[in-house]
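This report refers to the structure that appears directly beneath it.
Each value in this text was obtained by applying a stated rule to the coordinates, not by laboratory testing. Bear in mind the structure is a predicted one, so any value in this text is a computation, not a measurement. A quick note on method: Cβ atoms are made from the backbone with ideal geometry, for glycine too, and the neighbour counts reach across all protein chains shown.
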There are 4 protein chains.
Amino acid sequence: MAQRAKNRPSDVQRNPEWTKAQLLEAARLEFSENGLSGARVNDIAERARVNKQLLYYYFGDKESLYVAVLKQAYEEIRAREEELNLTELPPAAAMNRFIEFTFDYLTDNRYFVALLIDENFHKARHVRGSRDLQDMHTRLRKSIGGILARGERDGVFRADIDPIELYISIASLCYFYYSNIHTLSAIFGRGLSERSEISRRRQHVIDFVNAYLKA
Amino acid sequence: MAQRAKNRPSDVQRNPEWTKAQLLEAARLEFSENGLSGARVNDIAERARVNKQLLYYYFGDKESLYVAVLKQAYEEIRAREEELNLTELPPAAAMNRFIEFTFDYLTDNRYFVALLIDENFHKARHVRGSRDLQDMHTRLRKSIGGILARGERDGVFRADIDPIELYISIASLCYFYYSNIHTLSAIFGRGLSERSEISRRRQHVIDFVNAYLKA
Amino acid sequence: MAQRAKNRPSDVQRNPEWTKAQLLEAARLEFSENGLSGARVNDIAERARVNKQLLYYYFGDKESLYVAVLKQAYEEIRAREEELNLTELPPAAAMNRFIEFTFDYLTDNRYFVALLIDENFHKARHVRGSRDLQDMHTRLRKSIGGILARGERDGVFRADIDPIELYISIASLCYFYYSNIHTLSAIFGRGLSERSEISRRRQHVIDFVNAYLKA
Amino acid sequence: MAQRAKNRPSDVQRNPEWTKAQLLEAARLEFSENGLSGARVNDIAERARVNKQLLYYYFGDKESLYVAVLKQAYEEIRAREEELNLTELPPAAAMNRFIEFTFDYLTDNRYFVALLIDENFHKARHVRGSRDLQDMHTRLRKSIGGILARGERDGVFRADIDPIELYISIASLCYFYYSNIHTLSAIFGRGLSERSEISRRRQHVIDFVNAYLKA
DNA sequence: AATGAATGAGTTTTCATTCAT
DNA sequence: TATGAATGAAAACTCATTCAT
């Protein structure tokens, strides 16, 4: 059912980095599927195909592993965002690229949506106060702010858009679809997980945001 | 700390309706704060100030109680929506009223956001297949569809807006804010739970949706 | 090997007082035989012939049970001491009665010696700060102080004996024998647990203390 | 907090004797602070600043290390006692020197008290049957017996004192104070670990024993 | 001789649920 | 209808010990 760790590289029988990476990946899946409280340490270890106690050896306890997973998840998406080199594109293209990336990243990494929301359940207790995280997002805000400024100057975007407000709206439109995909499918009797529905939604989000940007 | 049940009506020692209502309310809070797996049957009973066994007596088990809570939650919001009498308003006003209602309802009933998302964690297992629920939302779709049709006819809305797509977008903009309010506050170093931030967000959502409707 | 709980009284199938008492007694033995860290919650429950989880139901956790055991143990010995009615005896007789009681109580309740010493291992963390305990021992000090005063006045005891100092010495002579009975037996190759050795020791302690009192 | 091993001599990368000594010292502290069952192999290794596996390499297992610690502890105190050269002193002086030594040794080596008592917890399982240990204590008994004989002959001591009985009493008065110092402090609300209390106690013990010797 | 990784058995604790009254 | 006592399965976590290098 759940995806399993690849076989341990046979030439290295003891490979702490590999072990830790396996655990992190398995934990990421478990936590995103079941949340912090629903996740089972046993299952994480099994999924990672490592001895359960190594989890404690390397991460201390379940909660610390959870924190490590969260941190890694944020780092990954923000790193991927920075690779987009949005500053090199014209503002409208940059913005669309950002929207598309956000939507597509979640399509490919649905675990991330669940992870963030579960962390919210805990009132952000595990990420609150992380200097790293705040710095990461200060850069994000500046990046979006830069695109908006260029767009305004060029006359392609409306004036006075708050970058954080905009970011939250873009994120809303992308994340909510996945965070509620099953309940929405159920109540509207529609298979929102299907490829066609997803690409339809993707286009809608792009249109939706653009309507605002250019209003 | 957590809100407690009011004193049991003193003249009735045995009051099944009161007891069930207490349990439902306590469960709603517990489940929304901790999710299905994180919620504790003990805590629900304590919160409801009734004996734990009564929970089993009236609802069978934890999961059935969860289903009852979910169903009640959906019923409440949809009932409130129907009370808005949107069909009696001009389309633009009707739509704004709907947006405002959606946002404000979540502001006042944050538990609902958490509840839906937790249910999504379980792949909507508990609501999937409920005929009642689907009927309820068919009415919702028709209601929104009617407003859109009127607006298009009057020339105040753009043409060809899919009512479900639009509903999901409005919901996205409202729900996501609350479903991620703590994590967003943490990463952006901003107190999004403050009254001023909330009303600022409310206005942004209204503007955002209107830009699309009128584009 | 270990002594077992008597059968649960057949006419009462659910008897919380009985259950708690069983647990306390079983715990007293386990803790005195193995110390706090060496004791096994499983073994305590088995000894008490009750479900292991009742231990948590009634006492919260292992450590709280330990505290309850300690408190009860102190209460018991001090209560027994008060029953001696030392104030009604002439000072020399009172003192001898006290010495004999102390020695005999430990002979019959060896667990108590082990318990105190184990608690000392934990730097008295579990009893420190207990108002009850201090009050209990204030009474003890006054009682001994009273006997000493009477004895001094009557000229049968030397003057200026500090009651706490004396108490500690009496306790030393009684407790140490039992707290080290096995090691002493081993190094001196003598069976100090035998009845004859014990009564020989008892007399020695009486003589030893009296020599000081009358010096 | 806990005292740490001194830096490993830099010129020797591999130094079995040093390593073993470090382990023994660390183990002595750990065992005396926590007992056999409470001690953690991990902590011992950390304290000794050596790899945990070396503990197994040199001592086999936790329990064997415990035995080694016990043996060394007994050897040390008995060796120090023999260095007192009690036979060269007049009997009263010799006895006082012995009492003082016993008390002072424990003041400086409190771990020893805990060690013996913990071993008693285990019914002296680890020292029972050791020929070395018995020989060691046969010499001790003879030494005390010699002093007593000389004292009796000189008329400074009472007659018919059993050397083992006396030894146990002296030990009682010295050991008990330390084995119960925290609990006694707690119940009597007195800081018995303070220097002033200790020297007061020391004098009391001397007086107490002398009263008996000369009775 | 020395090291860090890995393991399995065991230990405390949690928790939904049922029993007996 | 209501209650507190009792239960068993499972969960997180600990710990001495061994493996591989």
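Here are some notes:
- In this entry, chain C is assigned a mean projected area of 14.2 nm², taken as a quarter of its C-alpha convex hull surface.
- Of A:K62/B:K62; A:K62/B:K52; A:K20/A:K62, pairs whose Cα-Cα distance is over 21 Å: A:K62/B:K62; A:K62/B:K52
- √(5λ) per eigenvalue of the Cα gyration tensor, segment A:38-138, largest first, Å: 31, 15, 12
- In chain A, the DSSP-assigned H stretches of four residues or longer account for a calculated mean residue ellipticity at 222 nm of -24500 deg cm²/dmol, using -39500 (n - 2.57) per stretch and the full residue count as denominator.
- Relative contact order of segment D:25-106, taken over Cα pairs closer than 8 Å and 6 or more residues apart, is 20 percent.
- Neighbour-limited loop hits for GluC sites (Glu not before Pro), segment B:22-110 (at most 12 other Cβ within 10 Å; DSSP other than H, G, I, E, B): B:E83
- What separates the C:A21 label point from its copies, with the point 7 Å along Cα to Cβ, is 4.6, 5.9, 6.4 nm, written shortest first.
- The local environment of C:N96, defined by Cβ-Cβ distances under 13 Å, has a net charge of 0 under the rule Lys, Arg +1 and Asp, Glu -1.
- In straight-distance terms, cross-link reach from D:K142 covers every one of the aspartates and glutamates whose alpha-carbon lies under 14 Å from its own, apart from those fewer than eight places away in the same chain; here that gives D:E81, D:E82, D:D162, D:E165.
- Every Cα-Cα pair of segment D:24-87 was included, and the share exceeding 17 Å stands at 42 percent.
- Helix C:131-154 vs. chain C, principal-axis angle (Cα, 0 to 90°, nearest 10): 20
- About the Cα centre, charge dipole magnitude for chain D (Lys/Arg +1, Asp/Glu -1 at Cβ), debye: 360
- Multiplying the residue separation of C:D135 and C:V156 by 0.36 nm and subtracting their alpha-carbon distance yields 4.6 nm.
- Residue among A:T138, A:A159, A:N210 farthest towards the positive dipole end of segment A:131-215, charges placed on Cβ: A:N210
- With semi-axes defined as the square roots of five times the eigenvalues of the C-alpha gyration tensor, the equivalent ellipsoid of the protein assembly as shown measures 76, 33, 23 Å, largest first.
- 0 to 90° range, to nearest 10: angle between helix C:16-38 axis and chain C longest Cα axis: 70
- Chain C - percent relative contact order, Cα under 8 Å, separation 6 or more: 19
- Cα-based convex hull, segment B:110-192, per residue volume (Å³, whole number): 131
- Enclosed volume per residue, in Å³, of the convex hull spanned by Cα atoms of segment A:160-206: 74
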